[in-house]
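A.B. asks: Can you read through this structure? Questions will come right after.
The values are calculated or read from the model by the stated rules, or taken from the named source; none is laboratory data. Source: prediction; values computed, not measured. Methodologically, a virtual Cβ is constructed for each residue, glycine included, from the backbone with ideal geometry; neighbour enumeration extends over all protein chains shown. Surface areas here come from the heavy atoms of the whole protein model, side chains and all, with no ligands, DNA or RNA. Shrake-Rupley method; radii C 1.70, N 1.55, O 1.52, S 1.80 Å.
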Amino acid sequence: MHSKLLTRILLVALPFLLASCVQHRQLVNFNEGPEFDAINKVIERQAILVRPDDLLEISVQTTDPETSKPFQFNNSINPGSVGTETAANSQIFRVDQNGTIQFPMIGALPVQGLSTSGVRDSLAARLDRYFNAPIINVRLLNFRFSVLGEVRAPGSFTVPNEHTNILEALGMAGDLTNYGNRENILIVRERSGNREFGHLNLHDRSIFQSPYFYLQPGDIVYIEPIKAKVGSTEDGSTKYLRWALPIVSVISIIVSLTR
C-alpha cells in the first residue's frame, strides 16, 4: 500500500519538478531538421552599404613611391577610438551627413549607399588620371551590433569585419546562459527607413540559410529567457504560491488514499 502511495505521489510531483529544470535538449544547438551535408553552399551575404558617420580605412599604393607621397597619411582619428589598428599608409575617413568624404587630390567623394568595393572602384576611376593601376584598399571600421538578454556578457560590440554572423556575435557575448531560449532569438534590424524583426532557432540546422544568419551594422540581438528562468526570478509571494499549489495537490491525494 505504501509503495503504491509513494509511486502515485511521485507521478503527481514529477511534472512540476521537470518544469523547473533545464533539459539537455534545450542546451544543444543544431539538433533539429535534416542532417548536415558534407558540403553546404554558403548563402549570398547582403552587401554592407556605407552610411553617414561610418568610418572608412583607405590606403593607396602605387609603383612609384614619389607619386604615393600625397597618400602617406597621418591619421587624424585615433585608431584606438574605433577598437582596431590601422594599416600602414592608411587614413581613416568619417562619412559626413551628406554621404561624402574629403579625399586628397579629389575633394568631396560621394560614398553613401556604396559597398566598400564600390568605394574602391570609385576611387580607382578618379585616381586613374594620376597613377597607373593604383592599389586601393577600403575597409569599414565601425561594424557595430548589440547582444542583449540571456547571454553571459551582454553589450555592444564593434568589429573591423563586414561579415559577422550570429554565432560569432554570441561568442563575443560569452554565449547563451543555460536559461537562454535558443528557439526564438530576435534580430532587430533597421534598413531603408524600416525596422525589421527576424527570428532564429539555434536548434534548427537550417539556420545557416537564414537571411538573418549574417548580421548587419546596427543589428540588435535579443535572447529571451526560458520559462525555468522566469520561475526562478519571480517575486517571493508568486514563487511560493507556484510551489504551494502542487504540494497541496499531493497532500490532498495522500489524505484521500489513506482514508
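A.B. asks: Identify all residues within segment 161-182 that are closer than 14 Å to residue 215 by Cβ, open to solvent by 50 Å² or more (accessible area, probe 1.4 Å) and touching a strand residue (DSSP E or B) at 6+ places or on another chain (Cβ under 9 Å); write none if there are none.
C.D. replies: 161, 163, 168, 172
A.B. asks: Okay, next question. Residues that are modelled with pLDDT of 95 or more, within 30 Å of residue 226 (Cβ to Cβ) and not aliphatic (A, V, I, L, M): find the strands (runs of 3 or more DSSP E) completely inside segment 60-150 holding 3 or more of those.
C.D. replies: Once the strands (runs of 3 or more DSSP E) in segment 60-150 are filtered for at least 3 residues that are modelled with pLDDT of 95 or more, within 30 Å of residue 226 (Cβ to Cβ) and not aliphatic (A, V, I, L, M), what remains is 143-149.
A.B. asks: How do the helices (runs of 4 or more DSSP H) wholly within segment 161-259 filter down when requiring 2 or more residues that are more than 30 Å from residue 138 (Cα to Cα) and modelled with pLDDT under 80: which remain?
C.D. replies: Correct list: 227-232, 236-258.
A.B. asks: List the residue pairs whose Cβ atoms are under 6 Å apart, where the first residue sits in segment 89-118 and is touching a residue at least 60 places away in the same chain (Cβ under 8 Å), the second is outside any loop (DSSP other than H, G, I, E, B), and the two are 6 or more positions apart or on different chains.
C.D. replies: Here the result reads 111/101; 111/119; 116/138; 116/140, each pair linking segment 89-118 to a residue that is outside any loop (DSSP other than H, G, I, E, B).
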